[in-house]
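Engineer: Please find one structure pasted underneath; my questions will follow.
Values in this text are rule-based calculations from the coordinates and carry no lab data. Note that the structure is predicted; figures quoted are calculated from it, not measured. Quick reminder, even Gly has a Cβ in these numbers, built from the backbone with ideal geometry, and neighbours come from all protein chains shown.
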Amino acid sequence: MIVSFKLNGELVEVDVPPNMTLLDVLRRKLGILSVKRGCERGECGACTVLINGDPVCSCLVLAPQAEGKEIITLEYLSKNGEIHPIQEAFIEAGAIQCGFCTPGFILTAYALLKRNPNPTIDEIKKALEGNLCRCTGYIKIIEAIQLAAKKLQRYSR
Ligand code: FES
Ligand code: FES
């Protein structure tokens, strides 16, 4: 079947089996490799994308469910060779080790900071509930999101 949706601002049409997951559509059909294959059971958040602005596990979405939606992956965030302030903050705060979980965390942080530009630590923890990291112990990720919030407020002034 043909499925069409907006991917990172561009309209795409793909011919896929109806039981293919969005994770596989993105990685195998469209070459979007920032979306990681982890548990494939909706538990780790490595496959997180934004669908109409909300973080969603792409391993739990079937291709037909993407029809007409607006999907954002990490590739959307850097523009003209410059990384996004949230990406800068993750680097500066030392919130990346192996990096496998990082695209999912950054997209979750992006969605959080869009709707709540100045979250408390508890609000950050709540937003990150669906993302697992085996390396960092989370503290630096939380610090990175606090730093990202400050950077984004500075840029928007
Ligand atoms: S791969 Fe989708 S939640 Fe783990
Ligand atoms: S940095 Fe390795 S899983 Fe998070």
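Engineer: Return VAL35, VAL49, VAL14 ranked ascending by Cβ neighbour count within 10 Å, so the fewest neighbours appear first.
Structural biologist: VAL14, VAL35, VAL49
Engineer: Can you give me the distance in nm between label points at ARG115 and LYS29, each placed 7 Å from the Cα along the Cα-to-Cβ direction?
Structural biologist: It is 2.7 nm.
Engineer: Starting from 0.36 nm per residue, how many nanometres of slack lie between GLU123 and ASN19 once their C-alpha separation is accounted for?
Structural biologist: Going from the current span to full extension adds 33.9 nm.
Engineer: Could you check the spin-label model distance between ARG134 and CYS39? Points 7 Å from the Cα along Cα→Cβ, value in nm.
Structural biologist: About 1.3 nm, to one decimal.
Engineer: Moving on. State, as an integer percentage, the relative contact order of the chain based on alpha-carbon contacts under 8 Å between residues 6 or more apart.
Structural biologist: Relative CO of the chain lands at 24 percent.
Engineer: Quick check on the exposure proxy: order ILE106, ILE121, ILE83 from fewest to most C-beta atoms within 10 angstrom.
Structural biologist: Least to most surrounded, the residues fall as ILE121, ILE83, ILE106.
Engineer: While we're on this one: Label points 7 Å out from Cα along the Cβ direction at GLU10 and GLU88: separation in nm?
Structural biologist: 2.6
Engineer: With the chain treated as a Gaussian network of Cα nodes joined by springs under 10 Å, which of ASP54, ASP122, ASP24 yields the largest mean-square fluctuation?
Structural biologist: Among ASP54, ASP122, ASP24, the largest mean-square fluctuation in the Gaussian network model of the chain belongs to ASP122.
Engineer: Please label the shape of the chain as rounded, prolate or oblate, based on the square roots a ≥ b ≥ c of the eigenvalues of the alpha-carbon gyration tensor (a/c under 1.5 means rounded; beyond that, a/b larger than b/c means prolate, else oblate).
Structural biologist: In terms of gyration-tensor shape, prolate.
Engineer: State, as an integer percentage, the relative contact order of segment 85-156 based on alpha-carbon contacts under 8 Å between residues 6 or more apart.
Structural biologist: 53
Engineer: Can you give the charge dipole size of the chain about its Cα centre, rounded to the nearest 20 debye, using +1 on the beta carbon of Lys and Arg and -1 on the beta carbon of Asp and Glu?
Structural biologist: With only Lys, Arg, Asp and Glu charged at Cβ, the dipole is about 340 debye.
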